[in-house]
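Heads up, the thing below is written out as structure tokens.
The values are calculated or read from the model by the stated rules, or taken from the named source; none is laboratory data. Predicted model only: the values in this text are computed from it and were never measured. For neighbour counting, all protein chains shown are included, and Cβ atoms are generated from backbone atoms with ideal geometry for every residue, glycine included. Ligands, DNA and RNA are stripped out before the accessible areas are found, and what is left, the full protein with its side chains, is counted by its heavy atoms. Shrake-Rupley method; radii C 1.70, N 1.55, O 1.52, S 1.80 Å.
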Amino acid sequence: MKVAVFSAKSYDRQFLDAANVAQHQPHSFSYYDVLLTPQTASLAQGNEAVCVFVNDDVGAATLQQLAALGVRLVTLRCNGFNNVDLRAAADLGITVTRVSNYSPYSVAEHTVGLILMLNRKLHRAYNRVRDDNFALDGLMGFDLHGCTVGIIGTGKIGRIVGQIMAGFGCRLYCYDPYPNEALAAIATYTSLDTLLSEADIITLHCPLTDTNQHLINHDTIAQMKRGVMLINTSRGKLVDTKAVIEGIKSGQIGYVGIDVYEEEDSLFFQDLSDTIIQDDTFQLLQSFPNVVITAHQAFFTRNALEDIAATTLENLSHFEQRLPLIHEVTYNPDL
Ligand code: NAD
């Protein structure tokens, strides 16, 4: 198949090309570094499929243009599909597939990395020692052993985060409409209210949907323990960033670790080091000493990229050969 790959970075080319070489019938990839938007959709001309990532705009306006160009498949190189208008895709006869199952360890381990970095202030310690400042004042942490970790969303990633944190000797409070049996053996499933009020560390692992935008807001922050640690490696729009900033300034929130940000599409996955960042909220957030931000890199391990490339090629081949689509995402009016 001829495929236009948007938001394509050097590592996307490397892993997709390597997996493609091993194909019986290789696909033909055209790589574009730009985001897919209504303005860039015309680049897909001549292709039957587009391959996109987390911040590509696959809304109705883009899909209408893609359909007019003859594109029949949108294949996501990620698990989340909140950036796709599934109803519009269904109406236009465009199939949508994703990578529903790639190394969940990549994101889970990064999540734990953020927790350790914040708790032991490793980001500050690293800079101090490089500056020949070997004083410990201000670097005191706390034992994770005995802490209560609240996990919102216990699917593939949240479950592994729970298992790792249980290894530290943490108590686990989980909230998920569909509890995970394996985790239930070592965790307590509670209401969201109980989780919010009891947890020392709260970490988000649910998908972003139409109903849970700003799940973390003024009200839910007010329910949390004073000095709580908040971690988000899921999707930026789950969190009201301005409410979090107020929480940090008042001391209600003691630590913030994020790999995702609600307005990340104009910032992440590019080198802006010579640019004046116009997003004042982001700049304020990253000015706090108790905030650690990574730029949507939790998935970024060799293992995950190999899985993503392999599943993407499987999605393309199955679509082309009219085989059952294992990773199809369909419009569900009840969700
Ligand atoms: P998953 O589908 O295996 O699990 C999601 C879980 O969340 C499910 O058990 C579901 O029942 C639960 N859930 C749904 N809505 C909920 C809600 N409102 N409150 C509580 N729980 C809810 O997904 P996963 O593979 O574990 O991934 C979780 C999320 O992580 C993805 O949706 C994506 O947004 C994010 N993610 C981020 C990165 C990254 O690089 N930062 C990479 C991959 C995935």
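Could you tell me which numbered condition G169 fails, if it satisfies all but one of (1) out of contact with any Ser or Thr (no Cβ under 9 Å at 6 or more places or on another chain); (2) away from the ligand (no atom under 12 Å from the Cβ); (3) open to solvent by 60 Å² or more (accessible area, probe 1.4 Å)?
(3)
Between a first residue in segment 260-273 that is touching a residue at least 40 places away in the same chain (Cβ under 8 Å) and a second residue that is surrounded by fewer than 18 Cβ atoms within 10 Å (Cβ to Cβ), which pairs have beta carbons less than 6 Å apart while being 6 or more apart in sequence or on different chains?
Final answer for the pair search is F268/A295.
What are the residues in segment 36-82 that are closer than 20 Å to S106 by Cβ and open to solvent by 10 Å² or more (accessible area, probe 1.4 Å), if any?
F53, V54, N55, N79, G80, F81, N82
Do we find a residue being out of contact with any strand residue (DSSP E or B) (no Cβ under 7 Å at 6 or more places or on another chain), in contact (Cβ under 8 Å) with a residue 60 or more places away in the chain and surrounded by fewer than 17 Cβ atoms within 10 Å (Cβ to Cβ) anywhere in segment 230-249?
No, there is no match, as no residue in segment 230-249 is out of contact with any strand residue (DSSP E or B) (no Cβ under 7 Å at 6 or more places or on another chain), in contact (Cβ under 8 Å) with a residue 60 or more places away in the chain and surrounded by fewer than 17 Cβ atoms within 10 Å (Cβ to Cβ).
Using beta carbons and a limit of 6 Å, which pairs, at least six apart or on different chains, have the first residue in segment 176-187 and farther than 9 Å from R159 by Cβ and open to solvent by less than 90 Å² (accessible area, probe 1.4 Å) and the second one part of a loop (DSSP other than H, G, I, E, B) and within 8 Å of the ligand (Cβ to nearest atom)?
What qualifies is D176/G153; D176/T154.
So which of F282, F319, F269 is closer than 30 Å to V3 by Cα and under 18 Å from the mean Cα position of the chain (by Cα)?
Going through F282, F319, F269 in turn, the sole match is F269.
May I ask you to list the residues in segment 242-261 that are among the small types (G, A, S) and within 12 Å of L230 (Cβ to Cβ)?
Those that are among the small types (G, A, S) and within 12 Å of L230 (Cβ to Cβ): A243, G247, G254, G257.
List the helices (runs of 4 or more DSSP H) that sit entirely inside segment 61-165 and contain at least 2 residues that are of a type in the set (G, A, S), away from the ligand (no atom under 15 Å from the Cβ) and in contact (Cβ under 8 Å) with a residue 24 or more places away in the chain.
86-92
Okay, residues lined up against (1) open to solvent by 20 Å² or more (accessible area, probe 1.4 Å); (2) away from the ligand (no atom under 12 Å from the Cβ); (3) more than 18 Å from L208 (Cβ to Cβ); (4) among the basic types (K, R):
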{"residue": "V260", "(1), (2), (3), (4)": "no, no, no, no"}
{"residue": "D265", "(1), (2), (3), (4)": "yes, yes, no, no"}
{"residue": "L272", "(1), (2), (3), (4)": "yes, yes, yes, no"}
{"residue": "I277", "(1), (2), (3), (4)": "yes, yes, yes, no"}
{"residue": "Q283", "(1), (2), (3), (4)": "yes, yes, yes, no"}
{"residue": "S287", "(1), (2), (3), (4)": "yes, yes, yes, no"}
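Anything in segment 28-46 that is more than 14 Å from L63 (Cβ to Cβ) and touching a strand residue (DSSP E or B) at 6+ places or on another chain (Cβ under 8 Å)? List them, or say none.
S28, F29, S30, Y31, Y32, L43, G46
So which of I221, I293, I253 ends up being within 13 Å of the ligand (Cβ to nearest atom) and β-branched (V, I, T)?
Step by step, each of I221, I293, I253 is checked, and only I293 is within 13 Å of the ligand (Cβ to nearest atom) and β-branched (V, I, T).
Can you tell me which residue is most open to solvent (accessible area, probe 1.4 Å) among those in segment 188-214 that are part of a loop (DSSP other than H, G, I, E, B) and away from the ligand (no atom under 13 Å from the Cβ)?
D200
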